[in-house]
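Heads up, the thing below is written out as structure tokens.
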Amino acid sequence: MKAITVEPKKPGTAQYEDFPEPDVHEGSVLVEAVAVGVCGTDVEIVEGKYGWAPPGKTRLILGHESLGRVIDPGPSSSLKKGDLVVGIVRRPDPVPCPNCAVGEWDMCRNGQYSERGIKEIHGFMSERWRIEPEYAIKVDSSLGILGALLEPMTVITKALTQVFAAGQRAFWEPKTALVTGAGPIGLLAALRLSARELQVHVLDRAETGPKPELVRALGATYHTGSVLDLDFDPDIIVECTGVGAVIADSIQKVAAGGIICLTGVGAGGVAGRTVADVAAAAVLKNNVIVGSVNANKRHWYKGSENLARADRKWLSRLITRLEKPENFKQALKRMPDDIKVVIQFSEV
Ligand code: BGC
């Protein structure tokens, strides 16, 4: 079969190439790939900045935002041939740490977890893949290709769970929420926050393209410019850019008692502002700054319900480009109006 593979930590090694069929040890459910979303993590892996091949191997099959159709459900699963499924990304560490032991692999404490398409297990950018039945999430068939948005939806489902859990520490009635960054994660955050009684605001650099209208369609307000120039102090900030200056501004701007959830992975600092200055703002306002990554089965379960319930037309506008697997290099290139680029392996 064909697969998109890479030699992790070596830039320029990504290829669409012939690869052996998935081994039965990878799971008893055999799946035909339909589509795989591309995200910043894939770009980082291809650029040689992140990623690990399976133990003893040099190449890793890329891709963690999957959607596939069951070809063979295997002996012990409730799945049927033809079901649309998405694969859970992370697997618990083998020790296991206390969190992995109770199924909270997203909160792994020793870093020995593995992740499909990222860390030590092959991903989903291959014509066929296998999965353990307990890690295959069935999606509403009427979602079609929109099922490829489930993985980013689970990431935001977890992040918002963290925000509202942290909110329980004191009396708290949040009224306003700000999302920084109108990429797929930011827009899904805005979608889920709009389902609550909150005034939702989204801030992004883009002044044109599909983002402003997608935000307005949710009844939310779109902003460009600096977080510091907003005329309100948000009770909740979901930070989806990973940009140092936006993070520092968010901590300065958040309301007293407010909660900032960091979901973006970036690098570098902010010239002219020291960590202690930023921290002082958080201390004096009793803020919570919570980092959030990945998702466990509870978030996958809730996330798939949330996706099935969402407005299909709105969701479909998040997928701004479909590319063929042989054009994967094109898929990994950021174009100005891109939101989510999806590599399509077969018809839904
Ligand atoms: C994925 C997560 C993963 C994280 C770190 C993200 O792109 O969505 O599932 O845990 O990268 O590897």
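From the list 272, 266, 258, 303, which one is farther than 27 Å from residue 89 by Cα, touching a residue at least 24 places away in the same chain (Cβ under 8 Å) and among the small types (Gly, Ala, Ser)? Walk me through how you get there before you give the answer.
Values: 272 fails: touching a residue at least 24 places away in the same chain (Cβ under 8 Å); 266 fails: farther than 27 Å from residue 89 by Cα; 303 fails: farther than 27 Å from residue 89 by Cα.
Selected residue: 258, the only one of 272, 266, 258, 303 that is farther than 27 Å from residue 89 by Cα, touching a residue at least 24 places away in the same chain (Cβ under 8 Å) and among the small types (Gly, Ala, Ser).
Within the group 215, 238, 227, which residue is modelled with pLDDT of 95 or more, under 13 Å from residue 202 (Cα atoms) and in contact with a Cys (Cβ under 6 Å, 6 or more places away or on another chain)?
Numbers: 215 fails: in contact with a Cys (Cβ under 6 Å, 6 or more places away or on another chain); 227 fails: in contact with a Cys (Cβ under 6 Å, 6 or more places away or on another chain).
Selected residue: 238, the only one of 215, 238, 227 that is modelled with pLDDT of 95 or more, under 13 Å from residue 202 (Cα atoms) and in contact with a Cys (Cβ under 6 Å, 6 or more places away or on another chain).
Being closer than 16 Å to residue 64 by Cβ, open to solvent by less than 10 Å² (accessible area, probe 1.4 Å) and not in a helix (DSSP H, G or I), is that true of even one residue in the range 306-326?
Looking through the range 306-326, none of the residues is closer than 16 Å to residue 64 by Cβ, open to solvent by less than 10 Å² (accessible area, probe 1.4 Å) and not in a helix (DSSP H, G or I).
Just for the range 160-183: of the residues that are out of contact with any helix residue (DSSP H, G or I) (no Cβ under 7 Å at 6 or more places or on another chain) and among the small types (Gly, Ala, Ser), which one is nearest to residue 85 (Cα to Cα)?
Out of the qualifying residues, it is 183.
Out of 101, 148, I need the residue that is more than 11 Å from the ligand (Cβ to nearest atom) and either closer than 22 Å to residue 340 by Cα or among the aromatic types (Phe, Trp, Tyr) (or both). Which one? Can you show your working first?
Numbers: 101 fails: either closer than 22 Å to residue 340 by Cα or among the aromatic types (Phe, Trp, Tyr) (or both).
None of the other options fit; the residue is 148.
Residues of the range 265-312 being modelled with pLDDT under 95 and touching a Ser or Thr at 6+ places or on another chain (Cβ under 9 Å), which ones?
265, 266
Please find, within the range 116-144, the residue that is nearest to the ligand (Cβ to nearest atom) out of those that are within 26 Å of residue 6 (Cα to Cα) and out of contact with any Ser or Thr (no Cβ under 9 Å at 6 or more places or on another chain).
The residue in question is 119.
Could we say that residue 155 is hydrophobic (A, V, I, L, M, F, W, C), in contact with a helix residue (DSSP H, G or I) (Cβ under 8 Å, 6 or more places away or on another chain), more than 12 Å from the ligand (Cβ to nearest atom) and in contact (Cβ under 8 Å) with a residue 60 or more places away in the chain here?
Working: hydrophobic (A, V, I, L, M, F, W, C): yes; in contact with a helix residue (DSSP H, G or I) (Cβ under 8 Å, 6 or more places away or on another chain): yes; more than 12 Å from the ligand (Cβ to nearest atom): no; in contact (Cβ under 8 Å) with a residue 60 or more places away in the chain: yes.
Considered against the rule, which asks whether it is hydrophobic (A, V, I, L, M, F, W, C), in contact with a helix residue (DSSP H, G or I) (Cβ under 8 Å, 6 or more places away or on another chain), more than 12 Å from the ligand (Cβ to nearest atom) and in contact (Cβ under 8 Å) with a residue 60 or more places away in the chain, residue 155 comes out as no.
Of the conditions (1) buried (at least 20 other Cβ atoms within 10 Å of the Cβ); (2) out of contact with any Gly (no Cβ under 6 Å at 6 or more places or on another chain), residue 31 satisfies every one except a single condition; which number is it?
(2)
Given the condition on the phi > 0 side of the Ramachandran plot, crowded, with 18+ Cβ neighbours inside 10 Å and not in a strand (DSSP E or B), answer yes or no: does some residue in the range 289-296 qualify? Spell out the reasoning first.
Keep residues of the range 289-296 that are on the phi > 0 side of the Ramachandran plot, which gives 294.
Those left that are additionally crowded, with 18+ Cβ neighbours inside 10 Å: 294.
Then drop every residue that is not not in a strand (DSSP E or B), which leaves 294.
Yes, the conditions are met somewhere in the range 289-296.
Given the conditions (1) open to solvent by 30 Å² or more (accessible area, probe 1.4 Å); (2) within 16 Å of the ligand (Cβ to nearest atom); (3) over 17 Å from residue 167 (Cβ atoms), and given that residue 262 satisfies all but one, which numbered condition is not satisfied?
Residue 262 satisfies all of (1) open to solvent by 30 Å² or more (accessible area, probe 1.4 Å); (2) within 16 Å of the ligand (Cβ to nearest atom); (3) over 17 Å from residue 167 (Cβ atoms) except (3).
Among the numbered conditions (1) polar (S, T, N, Q); (2) outside the structural domain of residue 33 (by TED's automatic domain parsing); (3) over 21 Å from the mean Cα position of the chain (by Cα); (4) assigned to a helix (DSSP H, G or I), tell me where residue 286 comes up short.
Condition not satisfied by residue 286: (4).
The values are calculated or read from the model by the stated rules, or taken from the named source; none is laboratory data. Note that the structure is predicted; figures quoted are calculated from it, not measured. All Cβ positions, glycine included, derive from the backbone under ideal geometry; neighbour counts span all protein chains shown. These area figures cover heavy atoms from the full protein model, side chains too; ligands, DNA and RNA do not enter into them. Shrake-Rupley method; radii C 1.70, N 1.55, O 1.52, S 1.80 Å.
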